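The values are calculated or read from the model by the stated rules, or taken from the named source; none is laboratory data. Nothing here was measured: the structure is a model prediction, and the numbers come from that model. With ideal geometry, Cβ positions are generated from the backbone for all residues, glycine too; neighbour counts draw on all protein chains shown.
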Amino acid sequence: MTHAPQHPIQVVAHRGASEDAPEHTLAAYKKAIEDGADALECDVRLTADGHLVCVHDRRVNRTSNGRGAVSALELADLAALDFGSWKTREAWRGRDEEPDWVHRPEDAADTSVLTLERLLELVADAGRRVELAIETKHPTRWAGQVEERLLLLLKRFGLDAPASAAESQVRVMSFSARSLHRVRAAAPTLPTVYLVQFLSPRLRDGRLPAGVGIAGPSIRIVRNHPAYVERLKRAGHRVHVWTVNEPEDVDLCVDLGIDAIITNRPRAVLQRLGR
Ligand code: G3P
Ligand code: CA
């Protein structure tokens, strides 16, 4: 069954096609592009030697065979780790038959730590327009360095100064208004997304931090407070929702006129939307 929208909805692969392949690896992003995702979501953190890498957690313990905080490790330390095998173990749990994703030695290049630079190269070589939604993690710890490095890297790829927000291939997301403010101050035409996990009284009327055009509420907020989406839209904001994996939540997003669905299952969501 499909639930086709009246207006285009962007499908964004959250950490890549992260249900099928290990999150934040080249394997997951290649799969998302193959699956037809319109955009890729990634979290970025700074290593001890100043490289931006795509890792969600503060530590590498959950998604690699190593231990420690990303901020305390150098890129060479991270490059020695395996970011793929954990997913195979997870996929095998409770199954008798081989799961879809099995990490093999020949996958090592696609399941080592992913730098943002390598992800930008992948997007540049995708052969079609693929957008990128980059989330700054831990922006307070580094006092502006995450945003500074990010903008330098985007500049190298010619992505830091789009003619307008609507034309931009990249957007920057954060739970931190301060991080988005830094991005806007240095790159005023780059679109920014304010992520909302808790609907505080301050946010309920649909206002966002100054200059931010896009709201990023969780699906839980959207389910519990559909009127919030209406207020955001009335205020002229676009709405990108995370993390939407269930068909009934996709249908709800369609009915509410959401602009982008961020999902671990891009293929299934595209099918639900009739694409
Ligand atoms: O896309 C926004 C979403 O990724 C925010 O939550 O914890 O998955 O980074 P998290
Ligand atoms: Ca994220």
Within the group 159, 208, which residue is modelled with pLDDT of 95 or more, more than 16 Å from ligand 1 (Cβ to nearest atom) and surrounded by 15 or more Cβ atoms within 10 Å (Cβ to Cβ)? 159
Here the residues within the stretch 35-58 that are surrounded by fewer than 24 Cβ atoms within 10 Å (Cβ to Cβ), assigned to a loop (DSSP other than H, G, I, E, B), away from ligand 2 (no atom under 11 Å from the Cβ) and of a type outside the set (Asp, Glu) are 36, 47, 48, 50, 51, 58
Filter result for the condition that a residue is more than 15 Å from ligand 2 (Cβ to nearest atom), surrounded by 16 or more Cβ atoms within 10 Å (Cβ to Cβ) and either aliphatic (A, V, I, L, M) or not in a loop (DSSP other than H, G, I, E, B) (or both), over 4, 21, 32: 21
With the checklist (1) under 28 Å from residue 2 (Cα atoms); (2) outside any helix (DSSP H, G or I); (3) in contact with a strand residue (DSSP E or B) (Cβ under 7 Å, 6 or more places away or on another chain) in hand, flag the one item residue 274 doesn't pass. (3)
Do we find a residue being surrounded by 18 or more Cβ atoms within 10 Å (Cβ to Cβ) and of a type in the set (Val, Ile, Thr) anywhere in the stretch 184-191? no
Given the options 109, 91, 126, 161, name the one that is among the hydrophobic types (A, V, I, L, M, F, W, C), in a helix (DSSP H, G or I), out of contact with any strand residue (DSSP E or B) (no Cβ under 6 Å at 6 or more places or on another chain) and touching a residue at least 24 places away in the same chain (Cβ under 8 Å). 109
So, residue 13, is that one under 11 Å from the mean Cα position of the chain (by Cα), within 14 Å of residue 267 (Cα to Cα), touching a residue at least 40 places away in the same chain (Cβ under 8 Å) and within 16 Å of ligand 2 (Cβ to nearest atom) or not? yes
Inspect the stretch 249-257 for any residue being within 16 Å of ligand 1 (Cβ to nearest atom) and assigned to a loop (DSSP other than H, G, I, E, B) and give the result as yes or no. no
State the number of residues belonging to the stretch 232-248 that are among the charged types (D, E, K, R) and assigned to a loop (DSSP other than H, G, I, E, B). 1
Given (1) of a type in the set (A, V, I, L, M); (2) outside any helix (DSSP H, G or I); (3) within 19 Å of residue 173 (Cβ to Cβ); (4) out of contact with any strand residue (DSSP E or B) (no Cβ under 7 Å at 6 or more places or on another chain), where does residue 133 come up short, assuming only one miss? (4)
Count - residues of the stretch 143-156 that are in contact with a Lys or Arg (Cβ under 9 Å, 6 or more places away or on another chain) and either surrounded by fewer than 17 Cβ atoms within 10 Å (Cβ to Cβ) or free of Cβ contacts under 8 Å to residues at least 12 places away in the same chain (or both): 2
Within the stretch 224-235, residues being surrounded by fewer than 16 Cβ atoms within 10 Å (Cβ to Cβ) and closer than 24 Å to residue 40 by Cα number 0
Go through (1) within 16 Å of ligand 2 (Cβ to nearest atom); (2) in a loop (DSSP other than H, G, I, E, B) one by one and return the number of the condition residue 172 breaks. (2)
Test residue 229 against the stated conditions and say whether it is modelled with pLDDT of 95 or more, in a helix (DSSP H, G or I), among the hydrophobic types (A, V, I, L, M, F, W, C) and under 19 Å from residue 198 (Cβ atoms). yes
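Results for (1) within 16 Å of ligand 1 (Cβ to nearest atom); (2) under 21 Å from residue 136 (Cβ atoms); (3) at pLDDT below 95, shown as yes or no for each residue.
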{"position": "9", "(1), (2), (3)": "yes, no, no"}
{"position": "16", "(1), (2), (3)": "yes, yes, no"}
{"position": "30", "(1), (2), (3)": "no, no, no"}
{"position": "39", "(1), (2), (3)": "yes, yes, no"}
{"position": "75", "(1), (2), (3)": "no, yes, no"}
{"position": "92", "(1), (2), (3)": "no, no, yes"}
{"position": "95", "(1), (2), (3)": "no, no, yes"}
